[in-house]
Structure formats: structure tokens, C-alpha cells
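To start, the structure itself, in C-alpha cells.
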Amino acid sequence: MVRTGLSEWRIPVFLLALFIVVLFSPFELAFAGGAEGNSKKATDVIHGDPAAKFLHTGTLPSVDDVPAGPKGEAIRYGFELIVHTQQHVKEYVGNSLTCQNCHLGAGRTPHAAPFVGLHSLYPIYRTKNDKVTTLEMRINSCFRRSMNGKPLPYDSKEMTALVSYMAWLSEGIPVGIEIPERGFPRIEPTRPPDPTQGKKLFTAKCAVCHGLHNEETAVAPHLWGPFSFNNGAGMARMPTLAAFIRQNMPRDQGDTLTKDEAYDLAAFILSQPRPDFPDRIHDYPKGHDPDKAPLF
């Protein structure tokens, strides 16, 4: 039989090709993160990197470790704005809330709207306004909706401080990478939400912090009425509020309520009066509003 020599090269060529794939595939992954809906998860890209495990291990840097100098001062002021919002930017806030009423632990708590990684993820396209949205635009959306107030000037000391704080929490996280603990894990009820049952649950499980009649307390904010978030806020959306409740409430006892209990509580809270946000009629201009999808 005549030997062509081709078979002698098959194994070396195969091994070379395998080597190339193994060598370059991490680089392909690291730069594959895209816009909202297409971004890679941090744990898919940076295994073993402390930045990928900030929220898994509780190893977020302490504010006490912020470096000295103008940048450090901006970061520390951003932290103060998150925690003591009413003291610093009262003129831009129309209710009694602080930023960390939703972004628990000053934006450092997993599945409680953490700020970790946001500076690396934005700008992103959002279907809610059909625009590519910067981090500054997103912050002002919170001021207008969740805080029922008015936007910060983009060139203000306060906006610079908030962005600086979020950037500091995002250090080491590649651009376009979405932290797995971002937002709230969406849940689905097994039956229609029951606000009557939710009221009973509120009295039994929530009133100890929030008060029997939704009065503001030292440890919890107003959940409805003129001093709460308006009806354009993210928390005014039942799936979002239910997911937040299930994951984080009662405080330090997250994931103890059933999915149906979380929805019952959300239904009760959202059945109460709250400020109106007229511009919400312009949300989702191309349709596909997720809250209009039937639960059953």
C-alpha cells in the first residue's frame, strides 16, 4: 500500500488545533460581554478573581479602605449620599426614603439591587425607555421615581460622588460583565396574589419594623402614602417588589417566605395609595412591558 504521509500529520495537527482553542478561548469569553440581555456572567469569565466573588464571599472592600485624596473624598461622599440621602440632597427628594432603603447595605448586599459591577456594565440599552442609558441617567431615573423627586445636575458634586462610589465598588470587574447577584431573582406565584392575605402577613411579619399603620420607624421606611416611592418606581411593579420581599424580607430572614406569600404582601402594599408619576405612560414605547404579561 502506498503511504501518502497525511495520516502521520493528523495527530500533531489535531493537538495543535486543540492547543490554540484552549489558549485563546478565555480571551474570546472575556470580551464577549454585550448590551443588556447579552452580557456574560462574571463567574463565566473570571473564575478565581476576587472581583468575581465580591458578593459570594463578603469580601467587598471597606469604606475605611478608600484612599486619601480628592478621589477618595468623592467615594466617601457617595457612600454618605446612599446612606444619609435625606441629610445631603433633601431638595432633590420628594419622600422620606434613602437610597439604601432599596439598595440594601449601601448597594453592597447580593440580590438587593447592589451597585457592584454597575459601572462596568453601563451604558446599556433599556427597553423601558428605548434608549442607550448611561449610569448618570439611571441614577436620575431613581431620583424621579423611587425618591419621587427631581434629577440631580449631571455636573454636580453629588452626581460625581455617586458615580465614583459605584465605580469603586466595580473595580476589577471587566466591562460588559453582569454580576450574578445583580437585581432580584424573579419568582412566579402558584396562584393569583391575594392582598387580603397580604394584609394579614404584613401585620404578622412586617409591622414590627414598618409599623402597623405604615408609619416610618427608625429601621424601616414608608411603604405607601405620600412619603413613599411613586407608581413609576421599580418597586411599584409587582414582580419586582415580590422578588425583593422574598429575597430580603423580613430583614436578615430573607428566603423564608414562600413565593405566594411574597406576592400576597406585594399585592397588599401596591393596593395602597402612593404618589403618581405621570411620565410612566411613556414607559416601554415599543411595548413588551413585562408587568402586562399575565401571571397565569
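Here are the numbers for this structure:
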{"read-out": "Among 99-105, 262-268, 109-115, the order from most to least packed when residues are scored by Cβ within 10 Å on average", "value": "262-268, 109-115, 99-105"}
{"read-out": "Given charges at beta-carbon only (K, R positive; D, E negative), |dipole| of segment 177-222 in Debye", "value": "220"}
{"read-out": "Segment 108-248, accessible area per residue, ligands and nucleic acids excluded (1.4 Å, Å²)", "value": "44"}
{"read-out": "Entries in Lys199/Lys259; Lys205/Lys259; Lys90/Lys131; Lys71/Lys131 that, when Cα-Cα distance is taken, lie over 24 Å", "value": "Lys90/Lys131; Lys71/Lys131"}
{"read-out": "Lys, Arg +1 and Asp, Glu -1 on Cβ, resulting dipole of segment 150-289 about Cα centre, debye, nearest 20", "value": "260"}
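The values are calculated or read from the model by the stated rules, or taken from the named source; none is laboratory data. All values reported here derive from a predicted model rather than from experimental measurement. Ideal geometry is used to build each Cβ from the backbone, glycine not excepted, and the neighbour counts take in all protein chains shown. All accessible areas refer to the heavy atoms of the entire protein, side chains included, with ligands and DNA or RNA removed. Shrake-Rupley method; radii C 1.70, N 1.55, O 1.52, S 1.80 Å.
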